[in-house]
1. I need the phi-derived Karplus couplings for segment B:38-52: 6.51 cos²θ - 1.76 cosθ + 1.60, θ = phi - 60°, integer Hz, Gly and Pro marked x.
2. Quick check: from the Cα gyration tensor, does segment C:66-282 come out rounded (a/c under 1.5), prolate or oblate?
3. May I ask you to order B:112-124, A:215-227 by the average number of other C-beta atoms within 10 Å around their residues, highest value first?
4. If R0 is 25 Å, what FRET efficiency do you get for C:S145 and B:D300 from their C-beta distance, rounded to 0.05?
5. Within a Cβ distance under 14 Å of A:R48, other residues only, what is the Lys/Arg minus Asp/Glu net charge?
6. Could you give me the ³J(HN,Hα) list for segment A:48-61, computed from phi with Karplus coefficients 6.51, -1.76, 1.60 and θ = phi - 60°, whole Hz, x at Gly and Pro?
7. Per residue, how much space in cubic angstrom lies within the convex hull of the C-alpha atoms of segment C:16-175?
8. Within 10 Å of each Cβ of B:64-76, how many other protein chain Cβ atoms are there on average?
Amino acid sequence: MKRWVGISWLTAVYAFLYIPLVTLMVYSFNQARFTTVWKGFTFKWYIRLMGNQQLLDSFFNSLTVALVASVIATVIGTLGAFVVSHYRFAGRKIFFGLIYSVMMSPDIVMGISLLMLFVLMGMETGFMTLLLAHVTFCLPFVMVTVHARIRGFDSMVVDAARDLGAGEFQIFYRIILPMILPAVLAGWLLSFTLSLDDVIISFFVTGPEFEILPLKIYSMVRLGVKPEVNALCSILFLLTLAAVTTAHFLTKEREK
Amino acid sequence: MKKWMILICILLLPAAALAAKPSVYVYNWTEYMPDAVLSAFQKETGIKVVYSTYESNESMYAKVKLVRGKGYDVVFPSTYFVHKMRNQGLLAPIDQSKLTNFKHLDPMLLDKPYDPDNRYSIPYVWGSTALAYNADHVKPEQMISWKDLWRPELKNRLVMNDDLREVFGVGLIVNGYSVNDTDPDHIRTAFESVKELMPNIRVFSGDSPKQPLLNLEAHGGMIWNGEAYMAAEEDPAIRYAYPREGAIFWVDSMVIPKNAKNKEAAHRFIDFILKPEMAKLICEYVGYAPANRTAVSLMDKALKDNPMIFPDPSVVEKGEFQMDVGEAILVYERYWERLKTGL
Amino acid sequence: MNENKGFKNTAITVNMLWIFLFVLVPNLIVVVISFLERDPVGFFRWEPTISHYINLFDPVNARVFTHSLTYSFGTTLLTLAVGYPFAWFLSRVGRRRRPLMLMMVIVPFWTSSLIRTYALVILMKANGVINSLLVTLGLAKGPVSILYTDVAVYVGLVYSLLPFMILPLYAVLEKLDSRLLEAACDLGATHLQVFARVVLPLSLPGVMAGSIMVFLPSMGLFYIPDLLGGAKSMLVGNFIKNQFLTSGNWPFGSAASVFLILVMVSMMAVYLLVMKRFNRSVMP
């Protein structure tokens, strides 16, 4: 009985998450130019997508920023969460306040104020400024996730390790990190997701040389989002799904 | 692999080294210009086009202003943003003697009050905002005036653009004022009229007003002509009508920011766009009318005679072009907040 | 020992520097602007004023704020109601399958949010999938209004924020030792008691983290409510965006943003305090 409730709850939520994407994939084969009414089956959007270099370029740009930014944010954020929960230092409370303020700042305010900062610093907008901004808005999500997990730990483990002569780095690397790994992974996933989808902040801090996909998609709205985008999203979705499943089975093989 | 090499280059090379190659930085809506035009320009002149995009006039304006116009050579603001940017000295004058194709432009769209003599802007494409309805639910004779939006049978069935200037513009027109009115009393009257319209409004569409019509959520409302044209292609029941009080017109223009680095290339780019065959390509691609008279004469008769895209000059004469309202925008914004909070 | 200090100091310095430069300084810029006069040409001019903060206290703005607050509270509660059991059941799945299933939660979110929202529109519109189903099954005579109602808004908000609740909850619940629960059961505790006395207190950090990560960003969100709700009401996000972009009133927009952050910081302080008390009361 209990098992049955669990399985149906999991299934229902996965269905909720996946039904819109299945709809999207079905409609990527729709003849209609504006994707509202079903007008027959076609492959033409996939063929057109292959010729749309601008769209593909911006996708690779997005992927690059998301990967680099999420990794940097995860490293810094994990260290940060460890630092605030294990060391006492001046400004700890303020530090937390600032972290939360990032999550509360409306995107437009953050985008404009960061651009003002970059202009003041004399930096040219482009990949670097975009990366700095993305790491900044991803940081709090890593920190909050990891911090929630670190807090539950017994500080005696750490004390014991210290008594046994472990250095601070060793404590972090050998004891804390393995214990908080699921939270670190969760934080990285959230960062990657946020970075891949950000529009408003990116609009302000990126430069003309570095266009990213979400920006291109949002600015298509004026003329109607092209069905090529649906095709691209469907392909990407299937690829990630395939990659995730393969990775899972590969690690399973290795465990055997 | 190539992508990574390019990325490394971008990271390592200072921006100056990249700029050494002749290029022109175009800032526009996504897909507002076919790739074919960009590559033809590149082939003919050897100037590289770097195309980046924005999603609203407002955000483009804020960004261009913050970076002081540096980094962008040709931008495509709509009517009243040309007026605003010109008034604030953000634009570089355009040297018409460098534009050999200037003669192809439609005089109907030149020398407008938002930029007399076209000193700072060259029209690109233009269109109108007028009435839309679904003929299965609304009879054509029920949609001839902006006032018809207030019909009780359209209760909860209207789509309006999520744009305060356009929505209050309708309120101003039905009260006999100009869409560019700055008198606070007139704006209040418009607000009161629009407030009475609220029960009819099902959705303010910030992205695409044709969608609620195609989705059968709305049976009528206000819409841009290009949107109506696309909607009608998909569902012939969707019609477009120029109200008898006059429609709202807009022009997207090409301008050069004051601090643009490649002004010479920008002029060449603008001149290239003015070529009739290029303007024709663009119109066929984006679905809005080109500001290019010669290009229109090259087009299919069916398209040329479609009043949705090419209205009669008398219709244009009756309509109004949006201008910057200056400080009155604060009054508009305040009433907009009251409209949406219901206070 | 030097190496020890080195690690500790580097970790603190990197974090402090980053937060100082890219969070504190931009925040200060916003605070400074909020105390300056508006200028139609330069966005602001160097004349101090507190008028923007006074203007914030106005029934219209209060309505904007309370409206956003309602959506955010509703969304947080709904994501918690859906996400907590989900994270719990997920953490009880076999160890081998867990990483895959966790990844499956996040994969849909790597698709553009705009495209996903459009997919929801396709599902909920008058001639859409759900309405066609309802009519075919004879459950409704004509299309039911779903799109452009509050239901659609909540569906959209929960849909886009659910992983921010599930992931931190999962990270906390996953470390719960099932032997602990068995022990409690063996000692005669009912399921409800085990949940209230053991599971819930131990998972509170996750509940707090998840609620914060859903509640705070949802206050600034406006794209999804606009597209799915028909933009008939104004939320804090639109309000601030309009001040910056439509009316070019940067100081007022900044003041609204600063005020918003201050209110939320105090709400969070109360929330954390209550949670701590609650935690102590259930685990004496």
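1. 5, 6, 5, 5, 4, 5, 6, 10, x, 8, 7, 9, 9, 9, 10
2. On the way: a/c = 2.27, a/b = 1.31, b/c = 1.74.
Oblate shape, in that a/c is at least 1.5 and b/c is the bigger or equal ratio.
3. On the way: B:112-124: 19.9, A:215-227: 22.5.
So the order, starting with the most tightly packed, is A:215-227, B:112-124.
4. Numbers: r = 41 Å, r/R0 = 1.63.
Efficiency computed from Cβ-Cβ geometry: 0.05.
5. Working: positive: A:R33, A:K44, A:K226; negative: A:E228, B:E31, B:D35.
Surrounding charge for A:R48 is 0.
6. Coupling constants for segment A:48-61: 5, 4, 4, x, 8, 4, 4, 5, 5, 4, 5, 5, 5, 4 Hz.
7. Values: hull volume 36.1 nm³, N = 160.
Enclosed volume per residue, from the Cα hull, is 226 Å³.
8. On the way: counts 0, 4, 9, 8, 1, 0, 3, 6, 2, 1, 0, 0, 0.
Taking all residues of B:64-76 together, the mean is 3.
Bear in mind these aren't lab numbers, they're just calculated from the coordinates by the rules spelled out. As the structure is a computational prediction, the values presented were derived from the model and not from experiment. Heads up, the Cβs are rebuilt from the backbone with ideal geometry, glycines too, and the neighbour counts pull from every protein chain shown.
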